[in-house]
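Values in this text are rule-based calculations from the coordinates and carry no lab data. What you are looking at is a predicted structure, and each value in this text was computed from that prediction instead of being measured. A quick note on method: Cβ atoms are made from the backbone with ideal geometry, for glycine too, and the neighbour counts reach across all protein chains shown.
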Amino acid sequence: MQSHARVVVIGGGIGGLSTLYHLTQEGWTDVVLLERNELTSGTTWHSAAQFAFNQLLLLFRDYTIKLYKELSEDPSYPINYHYGTGGMRLLTNPAHLE
Ligand SMILES: Cc1cc2nc3c(=O)[nH]c(=O)nc-3n(C[C@H](O)[C@H](O)[C@H](O)COP(=O)(O)OP(=O)(O)OC[C@H]3O[C@@H](n4cnc5c(N)ncnc54)[C@H](O)[C@@H]3O)c2cc1C
């Protein structure tokens, strides 16, 4: 294993993997990711859906839906991406409605 890198990402959950992926998409090559267990074995393993509580997260979710669809259509990425349209949230008080 190499002992030096321009960027060392620690942790192979969605945060670290996304950071590594997007750095390489931007052309960074001297990057390495360190994971002490298995990739996605942290809290990412428990996460089944994409939450969006505000406008920023809605934009983020929109981006990830497109990205995951793209990745799932690429035969070199062995992932199954299940996407159901929409979601439902029950509002129980005026603040939530606002
Ligand atoms: C039960 C549960 C259900 C959830 N459901 C959802 C959901 O439905 N939708 C949603 O959006 N979010 C959900 N979340 C939240 C979401 O899973 C987390 O916000 C997200 O996974 C965090 O990602 P992360 O990359 O920051 O951390 P993690 O996925 O925990 O990754 C951190 C990684 O770093 C590694 N690591 C730690 N220290 C070191 C070290 N010193 N050296 C090397 N590696 C190290 C760990 O082994 C781990 O793999 C849920 C969380 C839980 C616990």
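Nearest 500 deg cm²/dmol is fine: what mean residue ellipticity at 222 nm does the chain get from its DSSP H runs of n ≥ 4 alone, each adding -39,500 (n - 2.57), divided by its residue count? Numbers along the way, then the final one.
On the way: 3 runs with 35 residues, N = 98.
The per-residue figure over the chain is -11000 deg cm²/dmol.
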- Highest GNM mean-square fluctuation among G87, G11, G42, for the chain with Cα springs under 10 Å, belongs to G87
- Stokes-Einstein translational diffusion, the chain - Kirkwood Rh over all Cα pairs, 0.890 mPa s, 25 °C, in µm²/s: 153 µm²/s
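Just to confirm the filter: which chymotrypsin sites (Phe, Trp or Tyr not before Pro) across the stretch 5-45 are DSSP coil and have at most 16 other Cβ within 10 angstrom of their Cβ?
Values: sites: Y21, W28, W45; in loops: W28.
Qualifying residues, ordered by number: W28.
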- Task: Name the residues whose placed amide hydrogens come within less than 5 Å of the amide hydrogen of L33, ignoring near sequence neighbours (fewer than 5 apart) on the same chain.
- Result: V9
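Would you mind counting up the charge near N80? Only other residues with Cβ under 13 Å from its Cβ, with Lys and Arg at +1 and Asp and Glu at -1. Could the numbers behind the result be given before it?
Numbers: positive: K69; negative: E73, D74.
With Lys, Arg at +1 and Asp, Glu at -1, the neighbours total -1.
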- Query: If contacts are Cα pairs under 8 angstrom and at least 6 residues apart, what is the relative contact order of the chain in percent?
  - Reply: 19 percent
- Net charge near G16, counting Lys/Arg +1 and Asp/Glu -1 over other residues with Cβ under 14 Å of its Cβ? -1
- Note on the structure: Amide H neighbours of T40 at under 5 Å, excluding residues fewer than 5 places away on the same chain, with H built from the backbone geometry, are G12, G13
- Between the helical axis of 55-73 and the dominant principal axis of the chain, each derived from Cα atoms, what acute angle in degrees is found, rounded to the nearest 10? 60 degrees
- Message: With an 8 Å Cα cut-off and a minimum separation of 6 or more residues, compute the relative contact order for the stretch 1-47 in percent.
- Response: 47 percent
